[in-house]
Amino acid sequence: LAEFARAAGVPGLVTEVVKGNVTDEILRVTRELPADLIVIGTHGRSGFERLMLGSVTEKIVRRAPCPVLTVPVRAPFAAPVNGLFHRVVCAVDFSPASLRALTLAQSLAGEAAARLTVMHVLEPASVFEPVPATAAGGPLTAADRQGEARHRIEGLIDGDTRAFTDVAEVVVSGKPYQE
């Protein structure tokens, strides 16, 4: 590992090899440092293979005391040149967790002078859910819902981010995991 890091130009690498449960040991070291960010690769397993082997990355994401950057198998090997990131996409569902993620995304985009795209996905209405209404009592249209979501996103972006970063707000309809 140390040789790999030197070849990649990583200075001051500290390595540690331990025995134990992978997830527990990663989280232990994360807390002891304390780490600001965990970067972890994913194998991309699914279905039966994931059920039998579990997912270390998923367990880390659920239990980590800090943000986790996951790197999928299909990610390019090369690191971005001239800056940490060029484009940052942050999906929000307006939950407290997604709002914390947006704060981090704004910080990363600002530090890297990257374009920040903040998106929200409107899921199709279920026939079993009540139909939302406007203040006037009429049914809330898809355009109304998109406008409301865009307005909420605009209110979440701080002035410094807008001053130093190219920000785009995107509201689309569909299934969030697909969009």
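The values are calculated or read from the model by the stated rules, or taken from the named source; none is laboratory data. A quick note: this is a predicted structure, and the numbers were derived from the prediction, not measured. All Cβ positions, glycine included, derive from the backbone under ideal geometry; neighbour counts span all protein chains shown. SASA here: full protein model, heavy atoms, side chains in, ligands and nucleic acids out. Shrake-Rupley method; radii C 1.70, N 1.55, O 1.52, S 1.80 Å.
Residues being in a helix (DSSP H, G or I) and β-branched (V, I, T): count how many of those fall in segment 87-120.
Of the residues in that region, 1 qualify.
Identify the single condition in (1) more than 23 Å from the chain's Cα centre (by Cα); (2) closer than 13 Å to T57 by Cα that H43 does not satisfy, given that it satisfies every other one.
H43 satisfies every listed condition except (1).
If you take the residues in segment 140-156 that are over 14 Å from E123 (Cα atoms) and of a type in the set (G, A, S), which one is surrounded by the fewest Cβ atoms within 10 Å (Cβ to Cβ)?
G155
What pairs come up if the first residue lies in segment 9-33 and is closer than 18 Å to K59 by Cβ and open to solvent by less than 80 Å² (accessible area, probe 1.4 Å), the second is small (G, A, S) and in a loop (DSSP other than H, G, I, E, B), and their beta carbons are under 7 Å apart, counting only those six or more places apart or on different chains?
L27/A64; T30/A64
Find the helices (runs of 4 or more DSSP H) located wholly in segment 1-66 whose residues include 3 or more that are more than 24 Å from S107 (Cα to Cα) and modelled with pLDDT under 85, and list them.
Helices (runs of 4 or more DSSP H) meeting the threshold: 2-7, 47-53.
Any residue in segment 160-179 that's in contact (Cβ under 8 Å) with a residue 24 or more places away in the chain and closer than 12 Å to C90 by Cα: show its pairings with residues that are in a loop (DSSP other than H, G, I, E, B) and open to solvent by less than 80 Å² (accessible area, probe 1.4 Å) at Cβ separation under 8 Å, as long as the two are six or more apart or on different chains.
These pairs meet every condition: V167/I157; E169/I157.
Just checking, how many residues over segment 141-167 are outside any helix (DSSP H, G or I) and either touching a helix residue (DSSP H, G or I) at 6+ places or on another chain (Cβ under 8 Å) or polar (S, T, N, Q) (or both)?
5
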